[in-house]
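Q: My questions all concern the structure below.
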Ligand code: AMP
């Protein structure tokens with residue numbers, strides 16, 4: 001049994017490393033050590049996710065369901081430190097993990113003087129269990145502090161997290177708190193630091209999918225491409241690690257019910273159609289991947305989260321209009337307004353996120369489904385077939401309906417024809433067109449030239465930087481994201497419009513940190529208030545109305561294009577221009 005401490009030691013080590021290659025080597029050697037233990041399958045599967053800060057795969061319907069207040073309450077009860085002090089610690093350290101560690105150390109120090117021990121709580125409803133001992137004291141004065149290094153195993157931590165996730169209905173909050181108390185009470189403060197971060201999905205030690213994929217390949221002497229392929233097909237690096245350990249990657253294939261990574265598009269131009277491309281509208285909606293297995297229909301979002309429950313109308317459409325018994329389909333749902341034009345993206349997101357009164361919402365915001373691909377049909381994986389063959393299969397199983405159809409396709413090598421399709425798409429309120437190579441295979445998770453997108457070029461915005469956040473983990477000394485604002489010439493105020501953290505290279509990060517150090521007005525936790533001095537040119541996908549920011553707008557997918565050293569803050573774009581670009 002591998003101890004949880006072995007895992008947290010590795011996390012600590014990684015936090016001190018900046019090179020991805022070195023981090024990969026550390027993760028790989030952890031995986032190798034685990035594979036030599038007595039329960040490699042279970043432990044590899046857990047650790048490969050833990051190290052990315054995940055407990056369950058994204059597509060899994062199982063979720064921890066622990067928000068900050070439940071976590072603070074659990075730490076408070078364990079440490080005997082009031083919640084408000086924990087919140088204060090979080091403000092001071094900017095890190096929930098560090099706050100948990102400090103609080104639990106404090107609790108431990110105090111409990112030594114009051115002789116309280118935590119050993120009475122070792123059965124607080126572990127894996128599969130429920131309830132458990134009630135802690136005496138619920139905050140101040142009841143503190144028992146924390147446990148000792150190395151008492152918890154990785155499997156036990158996961159088991160408790162599973163119990164937390166499975167707790168539902170009446171009394172579930174108490175079960176969650178008790179399991180967390182058990183974990184914090186048994187772990188040492190240093191281990192608790194990582195438990196708190198994992199529970200809130202904020203591990204942030206700089207290990208992402210790419211590193212874990214490479215580490216798995218390295219640990220078990222497998223080809224990175226083979227590991228990647230399996231991951232694209234089954235979407236769980238835990239399972240991929242186990243499969244790689246058994247040298248079984250070749251056997252991995254598409255499975256109905258398990259989302260595969262979506263094929264992506266890169267930017268193209270009309271000249272690209274020479275040679276023959278299939279032009280389709282680029283619908284202004286949200287991507288969905290649908291798995292039909294008889295009457296069992298599951299729908300996954302672009303992030304491969306299971307959104308089936310929020311979309312019963314789409315489920316019914318699939319059941320009645322798709323004649324295949326088993327199929328995996330790719331498409332875009334569009335919400336349309338009374339004028340037949342697509343509604344803004346956030347309206348669709350309201351449908352996707354809806355958990356209660358789903359059918360009322362379905363009536364309010366009806367969805368139309370445009371199917372454009374099929375990856376599996378009645379026992380056959382189709383991803384290695386050419387698009388034009390998949391297209392035939394798709395059409396053969398879709399019975400068109402007012403709200404469901406196979407997206408229209410025009411195959412052409414004439415840029416003028418492609419342009420006409422593009423214009424029609426824009427006139428109908430959609431985003432532009434997709435150009436697809438009719439001979440191409442379906443490449444899960446790949447952004448390549450087989451799928452090209454053409455959209456009108458968005459004008460950029462010049463915005464003033466008014467605040468920022470320090471980064472985390474190995475980027476703690478660098479500013480990680482910037483708060484942007486537009487200008488209101490009437491009031492001479494800078495009105496916030498959102499943050500940007502992408503489009504910034506590692507090199508730029510440190511240059512920008514240096515640049516901004518002279519403009520820092522104040523700091524609180526990780527948040528920095530900046531004197532408005534620097535203007536960023538920002539590209540974005542869309543401007544949306546938003547109550548969150550003083551400007552009343554927010555940017556979707558903002559990206560730094562360049563620093564406009566030539567502009568003063570007052571030269572930044574005005575709120576009026578933002579409103580105009582947003583469409584009124
Ligand atoms: P982008 O998000 O700008 O990279 O563009 C790719 C996205 O366009 C896909 O993920 C889909 O959500 C969306 N899309 C809309 N219509 C189509 C289509 N006909 N084929 C493929 N993707 C489409």
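The values are calculated or read from the model by the stated rules, or taken from the named source; none is laboratory data. Since the model is a prediction, treat every value here as computed from it, not as a measurement. So basically every Cβ, Gly included, is an ideal-geometry build from the backbone, and we count neighbours across all protein chains shown.
Q: Restricting to segment 288-302, name every residue that is near the ligand (Cβ under 9 Å from one of its atoms) and modelled with pLDDT of 95 or more.
A: Filtering segment 288-302 for residues near the ligand (Cβ under 9 Å from one of its atoms) gives 288, 302.
Once the filter is applied, which keeps residues that are near the ligand (Cβ under 9 Å from one of its atoms) and modelled with pLDDT of 95 or more, segment 288-302 yields only 288.
Q: Further question: In segment 445-459, which residues are more than 30 Å from residue 570 (Cβ to Cβ) and either more than 16 Å from the ligand (Cβ to nearest atom) or crowded, with 20+ Cβ neighbours inside 10 Å (or both)? If you could, list the steps in order and put the result at the bottom.
A: Filtering segment 445-459 down to residues more than 30 Å from residue 570 (Cβ to Cβ) leaves 445-455.
Those that are more than 30 Å from residue 570 (Cβ to Cβ) and either more than 16 Å from the ligand (Cβ to nearest atom) or crowded, with 20+ Cβ neighbours inside 10 Å (or both): 450, 451, 452, 454.
Q: Taking the criterion of being within 16 Å of the ligand (Cβ to nearest atom) and either surrounded by 16 or more Cβ atoms within 10 Å (Cβ to Cβ) or modelled with pLDDT under 95 (or both), would at least one residue in segment 238-254 satisfy it? Outline the logic, then answer.
A: Residues of segment 238-254 within 16 Å of the ligand (Cβ to nearest atom): none.
Looking for residues that are within 16 Å of the ligand (Cβ to nearest atom) and either surrounded by 16 or more Cβ atoms within 10 Å (Cβ to Cβ) or modelled with pLDDT under 95 (or both), one finds none in segment 238-254, hence no.
Here is a yes/no grid of residues against (1) surrounded by fewer than 22 Cβ atoms within 10 Å (Cβ to Cβ); (2) farther than 15 Å from residue 259 by Cβ; (3) touching a strand residue (DSSP E or B) at 6+ places or on another chain (Cβ under 9 Å):
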position: 304; (1), (2), (3): yes, no, yes
position: 311; (1), (2), (3): no, no, yes
position: 328; (1), (2), (3): no, no, yes
position: 334; (1), (2), (3): no, yes, yes
position: 346; (1), (2), (3): yes, yes, yes
position: 360; (1), (2), (3): yes, yes, no
position: 369; (1), (2), (3): no, yes, yes
position: 381; (1), (2), (3): yes, no, yes
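Q: Out of the residues in segment 404-425 that are within 21 Å of residue 333 (Cβ to Cβ) and surrounded by fewer than 17 Cβ atoms within 10 Å (Cβ to Cβ), which is farthest from the ligand (Cβ to nearest atom)?
A: First pass over segment 404-425, keeping only residues within 21 Å of residue 333 (Cβ to Cβ): 404-409, 421, 424-425.
Within this subset, residues satisfying the condition of being surrounded by fewer than 17 Cβ atoms within 10 Å (Cβ to Cβ) are 408, 424.
Details: 408: 9, 424: 13 Å.
Among them, the one singled out is 424.
Q: Could you list, in sequence order, the residues of segment 369-384 that are more than 16 Å from the ligand (Cβ to nearest atom), part of a strand (DSSP E or B) and closer than 23 Å to residue 401 by Cβ?
A: Within segment 369-384, 376, 377 qualify.
Q: Here's another thing I want to ask about it. Could you figure out which of (1) under 30 Å from the mean Cα position of the chain (by Cα); (2) within 15 Å of the ligand (Cβ to nearest atom); (3) buried (at least 21 other Cβ atoms within 10 Å of the Cβ) isn't true of residue 391?
A: The single condition residue 391 does not satisfy is (1).
Q: Does residue 81 satisfy the criteria of being more than 23 Å from the chain's Cα centre (by Cα), part of a loop (DSSP other than H, G, I, E, B) and at negative phi? Spell out the reasoning first.
A: Values: more than 23 Å from the chain's Cα centre (by Cα): yes; part of a loop (DSSP other than H, G, I, E, B): yes; at negative phi: yes.
Judged against the criteria, residue 81 is a match.
Q: So, one more: How many residues are surrounded by fewer than 14 Cβ atoms within 10 Å (Cβ to Cβ) and either under 22 Å from the mean Cα position of the chain (by Cα) or touching a residue at least 40 places away in the same chain (Cβ under 8 Å) (or both) when one looks only at segment 493-522?
A: The total comes to 3.
Q: Okay, moving on. Scan segment 549-557 and tell me whether some residue there is closer than 24 Å to residue 344 by Cβ, within 16 Å of the ligand (Cβ to nearest atom) and surrounded by fewer than 16 Cβ atoms within 10 Å (Cβ to Cβ). Outline the logic, then answer.
A: Quick first cut of segment 549-557, residues closer than 24 Å to residue 344 by Cβ only: 549-557.
Checking which are within 16 Å of the ligand (Cβ to nearest atom) leaves us with 555-557.
Filter once more, so that each one left must be surrounded by fewer than 16 Cβ atoms within 10 Å (Cβ to Cβ): 556-557.
Yes.
Q: Any idea how many residues of segment 278-287 are more than 8 Å from the ligand (Cβ to nearest atom) and assigned to a loop (DSSP other than H, G, I, E, B)?
A: So the first thing to find is which residues in segment 278-287 are more than 8 Å from the ligand (Cβ to nearest atom), and the list is 278-279.
Adding the requirement that they be assigned to a loop (DSSP other than H, G, I, E, B) leaves none.
Selection size over segment 278-287: 0.
Q: If residue 355 satisfies all but one of (1) away from the ligand (no atom under 15 Å from the Cβ); (2) touching a strand residue (DSSP E or B) at 6+ places or on another chain (Cβ under 8 Å), what's the number of the condition it fails?
A: (2)
Q: Taking segment 567-584 on its own, how many of its residues are under 19 Å from residue 503 (Cβ atoms) and either part of a loop (DSSP other than H, G, I, E, B) or within 26 Å of the chain's Cα centre (by Cα) (or both)?
A: 3
Q: Could you tell me whether residue 209 is touching a residue at least 60 places away in the same chain (Cβ under 8 Å), in contact with a helix residue (DSSP H, G or I) (Cβ under 7 Å, 6 or more places away or on another chain), closer than 16 Å to residue 58 by Cα and surrounded by fewer than 17 Cβ atoms within 10 Å (Cβ to Cβ)?
A: yes
Q: Right, next: Could you please find all residues in segment 465-477 being in a loop (DSSP other than H, G, I, E, B) and either over 26 Å from the mean Cα position of the chain (by Cα) or crowded, with 18+ Cβ neighbours inside 10 Å (or both)? Talk me through it step by step, then tell me what you get.
A: Of all residues in segment 465-477, those in a loop (DSSP other than H, G, I, E, B) come to 471-472, 476-477.
Answer for segment 465-477, where residues must be in a loop (DSSP other than H, G, I, E, B) and either over 26 Å from the mean Cα position of the chain (by Cα) or crowded, with 18+ Cβ neighbours inside 10 Å (or both): 471, 472.
Q: Being over 24 Å from the mean Cα position of the chain (by Cα) and part of a helix (DSSP H, G or I) is the filter here, so list the residues in segment 1-24 that pass it.
A: 4, 5, 6, 9, 13, 22
Q: Moving to a separate point now. Are any residues in segment 426-436 assigned to a strand (DSSP E or B) and away from the ligand (no atom under 13 Å from the Cβ), and if so, which ones?
A: Initially, segment 426-436 is screened for residues assigned to a strand (DSSP E or B), giving 432-436.
Listed by number, the list is empty, since nothing qualifies.
Q: Does residue 221 satisfy being within 16 Å of the ligand (Cβ to nearest atom), loosely packed, with under 14 Cβ neighbours inside 10 Å and over 25 Å from the mean Cα position of the chain (by Cα)? First the steps, then the outcome.
A: Details: within 16 Å of the ligand (Cβ to nearest atom): no; loosely packed, with under 14 Cβ neighbours inside 10 Å: yes; over 25 Å from the mean Cα position of the chain (by Cα): yes.
For residue 221, the condition - within 16 Å of the ligand (Cβ to nearest atom), loosely packed, with under 14 Cβ neighbours inside 10 Å and over 25 Å from the mean Cα position of the chain (by Cα) - is not met.
Q: Let me ask something additional. Can you confirm whether segment 278-285 contains a residue that is under 20 Å from residue 306 (Cα atoms) and under 22 Å from the mean Cα position of the chain (by Cα)? Quick ask: steps written out before the conclusion?
A: Going residue by residue through segment 278-285, those that are under 20 Å from residue 306 (Cα atoms) are 285.
Pick out the ones that are also under 22 Å from the mean Cα position of the chain (by Cα) and you get 285.
The answer is yes, given that some residue of segment 278-285 is under 20 Å from residue 306 (Cα atoms) and under 22 Å from the mean Cα position of the chain (by Cα).
Q: Okay, moving on. Return the only residue of 257, 271, 275 being assigned to a loop (DSSP other than H, G, I, E, B), more than 16 Å from the ligand (Cβ to nearest atom) and under 30 Å from residue 420 (Cβ atoms). Steps first, answer last, please.
A: Working: 257 fails: under 30 Å from residue 420 (Cβ atoms); 271 fails: assigned to a loop (DSSP other than H, G, I, E, B).
Residue meeting the stated conditions: 275.
Q: Here is a further query. Identify, from the list 490, 439, 462, the residue that is in a loop (DSSP other than H, G, I, E, B), in contact (Cβ under 8 Å) with a residue 40 or more places away in the chain, over 25 Å from the mean Cα position of the chain (by Cα) and away from the ligand (no atom under 14 Å from the Cβ). Working first, answer last.
A: Values: 490 fails: in contact (Cβ under 8 Å) with a residue 40 or more places away in the chain; 462 fails: in a loop (DSSP other than H, G, I, E, B).
Testing whether each residue is in a loop (DSSP other than H, G, I, E, B), in contact (Cβ under 8 Å) with a residue 40 or more places away in the chain, over 25 Å from the mean Cα position of the chain (by Cα) and away from the ligand (no atom under 14 Å from the Cβ) leaves just 439.
Q: Next question, about the same structure. For residue 483, state whether it is within 28 Å of residue 538 (Cβ to Cβ), away from the ligand (no atom under 16 Å from the Cβ) and crowded, with 20+ Cβ neighbours inside 10 Å.
A: On the way: within 28 Å of residue 538 (Cβ to Cβ): yes; away from the ligand (no atom under 16 Å from the Cβ): yes; crowded, with 20+ Cβ neighbours inside 10 Å: yes.
In short, yes.
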